[in-house]
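Below is one structure, written out as structure tokens, with a few remarks after it.
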Amino acid sequence: MTPRGFIDFLGEVSALKTAYRHNWTDGDRRESVADHSWRLALMPMLIESEFPDIDINRVIRMCLIHDLGEAVTGDIPCFSKTESDEEIERAALGDLLKKLPDDIREEFSALYREMEELKTPEAKLYKAMDKLEAVISHNEADIRTWEPHEYGLQLTHGAENVTWSEWLTALKAEIDRDTRAKSL
């Protein structure tokens, strides 16, 4: 990658710093996509010993790039996102990836395919962490920022993504306890 290409690509994806998510932080400001991606990438590092057979560095890479398309499209909450929105985001991501050198574009494209297929343990762990980070963040936000439909969604979001792991199932149960305590 040339120095100019490096700087230009970083400039484009810097939009993630100000692409705001539906959620609020515990500091009473809107959460950015970059906020979410940073903490999401930290999560697998913290639990690496729980998953000794998983390539945690691969999971971290997935976490760091998973929302790159949102640098172009912005974030749409999962409860509002349509198939059309997902197609637009995939096209935006494709355009963004074209700006990368072949080797990096191929690596990122392979990671995206793996994430979409959800067949590998790495992809499954990434997806579970992505869902759970959102629920944890929502629990940290002031309850006045919750919409009525989110009380139930907090308990179901990500539940299907943790069933393959006892540790993740226990984590989801603990998060659900926090949700119930907050919403009573």
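All of the numbers you see were taken from the coordinates with simple rules; none came from a lab. Keep in mind it's a predicted model, so treat the numbers as computed, not measured. Note: ideal-geometry Cβ built from the backbone for every residue, glycine included; neighbour counts use all protein chains shown.
Tabulated data
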{"quantity": "Eligible lysines near Lys124 by straight Cα distance, threshold 16 Å, same-chain separation 8 or greater", "calculated": "Lys172"}
{"quantity": "Computed E for Glu50/Arg180 - FRET, C-beta separation, R0 25 angstrom, nearest 0.05", "calculated": "0.55"}
{"quantity": "Equivalent ellipsoid, the stretch 58-113 (semi-axes from 5 times Cα gyration tensor eigenvalues, Å)", "calculated": "21, 13, 9"}
{"quantity": "Net dipole in debye of the chain [+1 Lys, Arg Cβ; -1 Asp, Glu Cβ; about Cα centre; nearest 20]", "calculated": "280 debye"}
{"quantity": "Pairwise label distance in nanometres, Asn57 with Arg30, each label 7 Å out on the Cα-Cβ vector", "calculated": "3.7 nm"}
{"quantity": "Sequence-distant residues sharing a close amide H with Asn23 (under 5 Å, placed H)", "calculated": "Glu31"}
{"quantity": "Alpha-carbon radius of gyration plus Dmax, which is the widest Cα pair, for the stretch 1-57 in Å", "calculated": "15.3, 40"}
{"quantity": "C-alpha long axis of helix 166-183 to longest principal axis of the chain, angle in °", "calculated": "60 degrees"}
{"quantity": "Helix axis angle, 102-117 relative to the chain longest principal axis, alpha carbon, degrees", "calculated": "30 degrees"}
{"quantity": "Extreme residue, positive dipole direction of the stretch 3-183, given options Asn139, Ala110, Gly94 (C-beta unit charges)", "calculated": "Asn139"}
{"quantity": "Cα pair distances exceeding 30 angstrom across the chain, given as percent", "calculated": "19 percent"}
